[in-house]
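Where a number appears in this text, it was derived from the coordinates with a stated rule and is not lab data. Keep in mind that this is a model prediction, so the values were computed, not measured. Cβ sites come from the backbone with ideal geometry, for glycine too, and all protein chains shown count toward neighbours.
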Amino acid sequence: MYKAIILDLDGTVVPQGSENPPSERVTQAISAAKDIIHVCIATGRPLFASKYILDHLQLSGPCIFNNGVQVYDPEKNEIVKEFPLPQKALPNIMHIFKSHKQEILFFDGTSDVEHTLKELPDTVFSVYLNKAPEMLVDIIVGELRKIPNIEAHKMFSWEDKNYFSIEVTSDQATKLHGIVEITKILKITKEEIIGVGDSYNDFPLLMASGLKIAMGNAVPELKEIADFIAPSVDEDGVATIIEKFVLT
């Protein structure tokens, strides 16, 4: 029935902010699943911070990075689709972060760079706030969402799960839009996809999937829309999902 499983990384395949490969049980489950369906990743991480996991798992399915900013084909080893921020939105985005005295990073398509330039670069793919309290993040996200043609993604902080981060992208750069590209590449339908995630930025992922799965450690709002709630990332929930919905 299902032809692809699309997995978030942090809080799903690996613990939040982990720099280690997935557990042995998860690794073995994904290895077995690859013989049956396409296994893809959809993450808020950039490619450079995810590549070691892709290489470890030897994935061949197209993957989504930076919340949909880039779609990457591991077999071709190339970015096959990318969505930059609208240039005219950048001054307003920067003004909001500056008004809250928050330092930001620009993603230039290859790496995250500190915003120290007096002039804006020609192309910015996303703007990233690394760490802030949830109350402040909610205020900033509310202000950002008033800007046309962009999307503000609230996520757990890479550094500390007690804090949150924000990534600002084009409104055409979400995990949902990334999945649309994946369906075109793999020639499959939404109904043939299993989507698995844990955080706020995984709403588009689950909504674009035929089977919606939230991890046991997922935020309550994501669990509310899920068809199935798996064990937590610390309990190798992805392995349980694959064993239940792919290998049986």
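Under a plain spin-label model, where a point goes 7 Å from the Cα along Cα-to-Cβ, how far apart in nm are Gln28 and Ile139?
5.0
Write down the Kirkwood hydrodynamic radius of the range 87-170, to one decimal in angstroms, obtained as one divided by the mean of 1/r over all alpha carbon pairs.
Numbers: mean 1/r = 0.0778 Å⁻¹.
Taking every pair of different Cα atoms in the range 87-170, averaging 1/r and inverting gives 12.9 Å.
I want to verify the translational diffusion coefficient of the chain in µm²/s; compute it with Stokes-Einstein, Rh as the Kirkwood radius over Cα pairs, at 20 °C and 1.002 mPa s. Walk me through the numbers on the way to the answer.
On the way: Rh = 18.0 Å.
D, rounded to a whole number, is 119 µm²/s.
Between 0 and 90 degrees, rounded to the nearest ten: what's the tilt of helix 24-33 against the longest Cα principal axis of the chain?
Result, in degrees: 70.
FRET efficiency for Gln102 and Lys161, Cβ-Cβ distance as r, R0 = 25 Å, nearest 0.05? Don't jump to the answer; show the numbers that get you there.
Details: r = 19 Å, r/R0 = 0.76.
After rounding to 0.05, the efficiency reads 0.85.
Using only Cα atoms and rounding to the nearest 10 degrees, what angle (0 to 90) does helix 90-99 make with the longest principal axis of the chain?
80
Pairs Lys187/Lys212; Lys101/Lys161; Lys146/Lys190: which exceed 23 Å Cα-Cα? The partial results should precede the final answer.
Working: Lys187/Lys212 20 Å; Lys101/Lys161 21 Å; Lys146/Lys190 30 Å.
Flagged as over cut-off: Lys146/Lys190.
What's the angle, to the nearest 10 degrees (0 to 90), between helix 175-186's Cα axis and the longest principal axis of the chain?
Approximately 50 degrees, to the nearest ten.
Amide H to amide H under 5 Å from Phe156: which residues, 5+ apart in sequence or cross-chain, H placed 1.01 Å off N in plane?
Under 5 Å from the amide H of Phe156 lie the amide H atoms of Ser165, Tyr200, each far enough along the sequence or on another chain.
Out of residues 5 or more away from Lys81 or on other chains, whose amide H comes under 5 Å of its own, with H placed 1.01 Å from N in the peptide plane?
Val71
Quote to one decimal, in nm, the extra length available between Met1 and Glu19 on full extension: 0.36 nm per residue of separation minus the C-alpha distance between them.
Numbers: separation 18, 0.36 × 18 = 6.48 nm, distance 3.35 nm.
Net length gain for the segment: 3.1 nm.
Got the relative contact order for the chain handy, in percent, Cα pairs under 8 Å and 6 or more residues apart? Each step should come with its number before you reach the end.
Working: 518 pairs, mean separation 53.8, N = 248.
The value is 22 percent.
How long is the gain from Glu221 to Glu191 if the chain were fully straight, where each residue apart is worth 0.36 nm and the alpha carbon distance is subtracted? Please list the in-between numbers first.
Numbers: separation 30, 0.36 × 30 = 10.80 nm, distance 2.19 nm.
Fully extending the segment from Glu221 to Glu191 adds 8.6 nm.
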